[in-house]
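Visitor: My questions all concern the structure below.
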Amino acid sequence: MNARALKWSVSAGIALGLSGCATVGGPPAAMGYDDHIAAAQAAQASGSATAALEAYRGAIAADPARKLPWLETARLEAEQRRPVDALVAIQEVLRRDPADLDASMLYLDVVLQLAGEGIARLRTLAPEHRAAYLERSQALVEEAIELFGDRMVPAELRSRYGTEAVERYRRNLPPVTPPDGKKISDPLDVLGGG
């Protein structure tokens, strides 16, 4: 047998072997959307958030237009304290259904979590660096007070801020001595602490 015939025989044998493998059982069927959802729910039931997230991502790849896997991904990401990833998924839900109440509430939970983390980061900055964020923070507080009323600020803090404001006012008053030497009543005495 010459070299050319040997190469042809080997190539034909490999091709036959591979084609035989391909016909035995064939490739596994690709998982569909419903299969991924079932796998995700089973993983969640068993407490495996990582496997559930992977399965929900598979469902998203299988049918990106559906909102359920996006919403469940957002919930899991939020539970895993990954607010940025959760926010991305929530925005996908709201793109598909802007009126989705669950997604809106989860969005608010995640944004408030991020706001809390932002405040914690602000506390670590030197006062001169914090000043750059004062105006934006004041605008947010103003909007929140407008939305919730004075309940936005807890009663104990409102009382403390009021007392501090009165004390600042009194410290800044110029000394006044009436001509007859009698004490002038302070209009803020009616508020107490006087």
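The values are calculated or read from the model by the stated rules, or taken from the named source; none is laboratory data. Owing to the predicted nature of the structure, the values given are computational and were not obtained by experimental measurement. For neighbour counting, all protein chains shown are included, and Cβ atoms are generated from backbone atoms with ideal geometry for every residue, glycine included.
Visitor: Given the criterion among the aliphatic types (A, V, I, L, M), over 18 Å from Ala38 (Cβ atoms) and not in a helix (DSSP H, G or I), identify the matching residue among Ala89, Ala103, Ala115, Ala99.
Guide: On the way: Ala89 fails: not in a helix (DSSP H, G or I); Ala103 fails: not in a helix (DSSP H, G or I); Ala115 fails: not in a helix (DSSP H, G or I).
On inspection, the qualifying residue turns out to be Ala99.
Visitor: In addition: What single numbered condition from (1) surrounded by 15 or more Cβ atoms within 10 Å (Cβ to Cβ); (2) within 20 Å of the chain's Cα centre (by Cα) fails to hold for Gly58?
Guide: It is condition (2) that Gly58 fails.
Visitor: Let me ask something else about it. Only one residue in Val166, Val190 is in a helix (DSSP H, G or I) and at pLDDT 85 or above, so which one is that?
Guide: Values: Val190 fails: at pLDDT 85 or above.
It is Val166.
Visitor: Can you name the residue in the stretch 85-133 that is touching a helix residue (DSSP H, G or I) at 6+ places or on another chain (Cβ under 9 Å) and among the hydroxyl-bearing types (Ser, Thr, Tyr) and, of all such residues, is surrounded by the most Cβ atoms within 10 Å (Cβ to Cβ)?
Guide: Tyr107
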